[in-house]
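The values are calculated or read from the model by the stated rules, or taken from the named source; none is laboratory data. All figures in this text were calculated on a predicted structure; none of them were measured in a lab. Every residue, glycine among them, receives a Cβ derived from its backbone with ideal geometry; neighbour counts consider all protein chains shown. We work out accessible area using only protein heavy atoms, side chains counted, and drop any ligands, DNA or RNA first. Shrake-Rupley method; radii C 1.70, N 1.55, O 1.52, S 1.80 Å.
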Amino acid sequence: MDHVDCIVAGAGVLGLAIARSLALKGRDVIVVEAETMIGTQTSSRNSEVIHAGIYYAEGSLKARFCVAGKKALYAYCAERGIAHERTGKLIVATDDDQRATLQSIHEHAVANGVDDIRAIPAEEAIDYEPELSCVSALHSPSTGIIDSHALMLSLQGEAEDAGTMIAFNSRIVSVRPDAGGFALDVEGDEAYTLSCNTFINAAGHGAWGIARAIAGLQPERIPPHYLSKGNYYALSGHKSPFSQLIYPVPGDGSLGIHFTRDLAGQARFGPDVHWMDGEILDYSVVEGQEKAFAAAIRTYWPGLPDNALMPSYCGIRPKMVPTGHAPADFLIQSPRENGISGLVQLFGMESPALTACLVIGEHVAELAAVK
């Protein structure tokens, strides 16, 4: 049985950031990943937005980690030449009934420490984006976009340079705590067992299955798991209408069908919200949503051409509360909270986890140092 100091389950953006932080602190690390490459699920199926920290509950991990993580991520990308852009974002009210909500969002963002957001009149917003229709707006100049795969490759490279090994196509089937740490049974091309002193469960959607496989972990330590699919539609045959990101006033538990673009300028809209049954990850796009998407988009872009939307891709968010409930905060359980020495677990790591990945990596590495 091979032994290593730390094992991290999951090679998404968080698993890689955690492995990097641990390795840079001098700890020996193996990342165990069930898929054949890095970041195949939540980390690569999102809007690739660097968020400012506007919407999250005041004092929450999401709010604190996003505000700090945004600054850390911009610095990291600039230092390492990772493609990114401070596009800015407009949150737009499209009728007078939304003005009060927009004001509330502004106050909330300031309370979260977003110090550059400002309210602007419709005329200024339309000066920025002539295709836009709105009655008022908020401008967030520090929102941006990033090449998420390049980010993950950089995190992987730094972790590996510091001695980390990554075992792909390796599925953890049982975890047995003992006096010296943990023994993990792993299946892949062949079955084998690893032992470690510290075990980090950062497997995204897979975190729930791994948690259930940890001998002695009390069931109440494992939160509920819900799947929320978000579909994206691309703009086909037309150039991007906006340079900045455009978000409507949020409602119904989501941020609405917003406009983003990638670094090559390809425009895309989404995500919508489709709650799924069970824990089977189905990444097929829900087609036939063009009319619903077009109606939502035309509230702020009335010039959307007919038949210009085509299905693009979807992501699935790991949720801990069902539809109709206020969004849950990140759940990062320390060894004390798990009731098992050396065990750190992460659940519900949806947006803004990409933005906050560096800060989360450092936070988990600190938790992992506490026995």
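Here are a few things to note about the model shown:
- Any hit, the range 218-230, residues being of a type in the set (Val, Ile, Thr) and either open to solvent by 60 Å² or more (accessible area, probe 1.4 Å) or closer than 25 Å to Leu102 by Cβ (or both): no
- Selection status of Thr355, in a loop (DSSP other than H, G, I, E, B), open to solvent by 40 Å² or more (accessible area, probe 1.4 Å) and either within 29 Å of Glu124 (Cβ to Cβ) or touching a Phe, Trp or Tyr at 6+ places or on another chain (Cβ under 9 Å) (or both): no
- Scope the range 231-273; condition touching a Pro at 6+ places or on another chain (Cβ under 9 Å), open to solvent by 40 Å² or more (accessible area, probe 1.4 Å) and within 20 Å of Met310 (Cβ to Cβ); matching residues: Gly237, His238
- When residues in the range 1-45 are screened for being part of a loop (DSSP other than H, G, I, E, B) and surrounded by fewer than 24 Cβ atoms within 10 Å (Cβ to Cβ), 13 of them pass.
- As a summary of the residue check, Leu90 satisfies the conditions (1) free of Cβ contacts under 8 Å to residues at least 60 places away in the same chain; (2) not in a helix (DSSP H, G or I) except for the one numbered (1).
- Qualifying positions in the range 163-191 - aliphatic (A, V, I, L, M) and open to solvent by less than 40 Å² (accessible area, probe 1.4 Å): Ile166, Ala167, Ile172, Val175, Ala183, Leu184, Val186
- Among the residues listed as Asp185, Asp189, the single one being modelled with pLDDT of 95 or more and acidic (Asp, Glu): Asp185
- Tally of residues being among the polar types (S, T, N, Q), surrounded by fewer than 17 Cβ atoms within 10 Å (Cβ to Cβ) and not in a helix (DSSP H, G or I) across the range 103-147: 1
- Boolean, Glu58 is assigned to a helix (DSSP H, G or I), over 18 Å from the mean Cα position of the chain (by Cα) and of a type in the set (D, E, K, R): no
- Arg298 vs. criteria open to solvent by 40 Å² or more (accessible area, probe 1.4 Å), closer than 30 Å to Leu217 by Cα and of a type in the set (Lys, Arg): no
- In the range 301-323, residue surrounded by the most Cβ atoms within 10 Å (Cβ to Cβ) [restricted to those that are β-branched (Val, Ile, Thr) and over 24 Å from Gln98 (Cβ atoms)]: Ile316
- For the range 76-98, the count of residues that are open to solvent by 60 Å² or more (accessible area, probe 1.4 Å), among the aliphatic types (A, V, I, L, M) and either touching a His at 6+ places or on another chain (Cβ under 7 Å) or closer than 28 Å to Ser154 by Cα (or both) is nonzero.
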